[in-house]
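The values are calculated or read from the model by the stated rules, or taken from the named source; none is laboratory data. If you're wondering where the values come from, they're calculated on a predicted model, not measured in any experiment. Every residue, glycine among them, receives a Cβ derived from its backbone with ideal geometry; neighbour counts consider all protein chains shown.
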Amino acid sequence: MKANLITTLILTILSLNALSQQNLTSGQAYDKAQEGRARARKFYDKNNPSKGECDSSIAILDNTIKYLNSKQVTELAQGNLYLKARKADVYFDMTMVYILAHQYDKAIATLENVCDQGDYYRIPYYEKDSLFIPIRSDMRFQAAINKLKLRQALWNDESLKTAYQNNLSDDEKVAGLSLLWSQAKYNFANFDHAAIDWDKTYLEYLPLVKNTSSTTQYYKVLQQFYAQLKDGHSNVYVPQALTGEFYARPPFRTELIEGRVFVTQVFSDSLKKTGIVPGTEIIRIDNQPVLNYGKTQVAPYQSSSTPQDLDVRTYTYSLLAGSATKPIQLQLRNSKGKTWEQTINRTGYHDIKNSTAGLEYTQIGQIGYLTVNNFEDEKIMSQFDSLYTQIAKTKGLIIDIRNNGGGSSGIGYHILESLTNKPFKTSFSKIPRYLPVINGIQWYENAPGEWRVNGKQYYDKPVVVLISARTFSAAEDFTVAFDYMKRGKLIGQATGGSTGQPMSFNLPGGGSARICTKHDAYPDGKEFVGIGIMPDIAVTKTIKDLWAGTDLAKEKALQLLNK
């Protein structure tokens, strides 16, 4: 047994030293650090590890720290946030092993190294997990945790998370606006696209928040403030107490088509019986022309990245949203030209049928048709795998993500890994880093990732992906990877043009907000955030197609694959 431990330790050291001599990439260095952690874990991650096992773990982890501290890896870590964070992980592992080995002084000394790395998210673990009981009463332990809490409080403090009131105090209102301003100033990744004087905008909004007479009005101003950033991943969310005032809407969806607004989906049979059916045009809302209503009452509060994204948010997602207690007065026109007035409630419907599945599959002749409406549910991966036998028998595949608003990029990549026989590139990204010594921003640039192939299933037939302005966030990450690997054609409309990694924080009165902290691009640096991913074959929805029930993008895809 002892010989095996020594052999493993020697192999780990030789592996790390050999790799450090090569022309490393940050991804390789990251993987090597994780490999060292995994090898160490095999010795200590068990009940009552022996002294020899703990010693072997510590030796491996210590050598991994030396590797991460080497000049080459340190330089790589300056441009890769994820590699840089591995040092805290290794020190944390060492702390646990020292505790298991009853070397408490060394455990505390190592914990201090963890805290120096800014390891905030593990604070609850340190304070509650039974592993840390032997050192928790030590003053050095308490000092290290308190130091960590003070650092965390600068960025994730609960002090501004005040209780809801119908009208917040002026101090709370100013504090909330100031928090939104500061979080964006130091963390927002897309100021180049926003093209805005942010400090000047902050000064302009100070009197606006002070002049609000209710929390409802206050949050409208905050939403308008963040809309100036022109970013779909930077948003203000109202307190739970106000959701019925802001987000209630009747069970049908609308869309802007050729400069006019039409009903495209209805989820209530009782509503259909009143004449509101797909193809019905909305002419006026609350006695205002619908386009003017959207422009003045809805659009100013929408955080959007592109004109097409703004149209979706204004005329599809939010056009009919508002107070649950306030009915909407509509002027409508059917496909035959008949016009009428109708008052409808935003809530109170008992026959709503809106059960769109995350993943749906059908076959049209010899062509598979896979609709993926979100990348939020991890079950989508197993559902896709269970369908693969059927998909493999087709001569072509259409993947429809036109209504996919995103979720986890990994779910989309899981589908892509079965469409190729070689690893594929994922997005290039960069994260802003404020440096006070230069009074400006530098960037952590993360090289494109490389996603594995499935290895067990490989669909080598032609593939087409359908996209639209509602294709957003993680669905755009999917589209970028698919497009960059040249796997097939994109058909439809430009995507929403917004992805990234938002950071959330609390606001006074029980609301919250998020700010986009990561800027993504194609693996070769080609931009799509603030622009949209362009289709290879553009298909614009027309009123004629709506009334005829025609899906021209789908038909184009079928024509292409059936050739």
(request) Search region 347-369 for residues that are farther than 22 Å from Arg402 by Cβ and pair each with any residue that is among the aliphatic types (A, V, I, L, M) and surrounded by 14 or more Cβ atoms within 10 Å (Cβ to Cβ) when their beta-carbon atoms are under 8 Å apart and the residues are at least 6 apart or on different chains. (result) Thr347/Ala248; Thr347/Ala324; Tyr349/Leu271
(message) If I go through region 115-126 residue by residue, how many of them are within 18 Å of Tyr98 (Cα to Cα) and either more than 34 Å from the chain's Cα centre (by Cα) or loosely packed, with under 13 Cβ neighbours inside 10 Å (or both)?
(response) 1
(request) Residue by residue through region 37-55, note down the ones that are hydrophobic (A, V, I, L, M, F, W, C) and either in contact with a Leu (Cβ under 7 Å, 6 or more places away or on another chain) or free of Cβ contacts under 8 Å to residues at least 12 places away in the same chain (or both). (result) Ala38, Ala40, Cys54
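Considering region 127-173 alone, what residues qualify as being under 30 Å from Leu222 (Cβ atoms) and small (Gly, Ala, Ser)? Break it down stepwise before answering.
Of region 127-173, the ones under 30 Å from Leu222 (Cβ atoms) are 149-173.
Passing the criteria: Ala153, Ser159, Ala163, Ser169.
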(message) Criterion first (among the hydrophobic types (A, V, I, L, M, F, W, C) and closer than 17 Å to Thr314 by Cα) does Phe267 satisfy it?
(response) no
(request) Considering only region 209-271, give the strands (runs of 3 or more DSSP E) lying wholly within it that have at least 2 residues that are more than 25 Å from the chain's Cα centre (by Cα). (result) 252-257, 260-266
(message) Please return the ranges of strands (runs of 3 or more DSSP E) entirely within region 447-563 where 3 or more residues are closer than 30 Å to Leu180 by Cβ and touching a residue at least 40 places away in the same chain (Cβ under 8 Å).
(response) 502-506, 512-516, 519-521
(message) Is it the case, given these coordinates, that Lys106 is at pLDDT 90 or above, assigned by TED's automatic domain parsing to the domain that holds Arg140, of a type in the set (Lys, Arg) and buried (at least 17 other Cβ atoms within 10 Å of the Cβ)?
(response) no
(request) Output yes when any residue across region 63-80 is in contact (Cβ under 8 Å) with a residue 60 or more places away in the chain, surrounded by 18 or more Cβ atoms within 10 Å (Cβ to Cβ) and of a type outside the set (Ser, Thr, Tyr), and no when none is. (result) yes
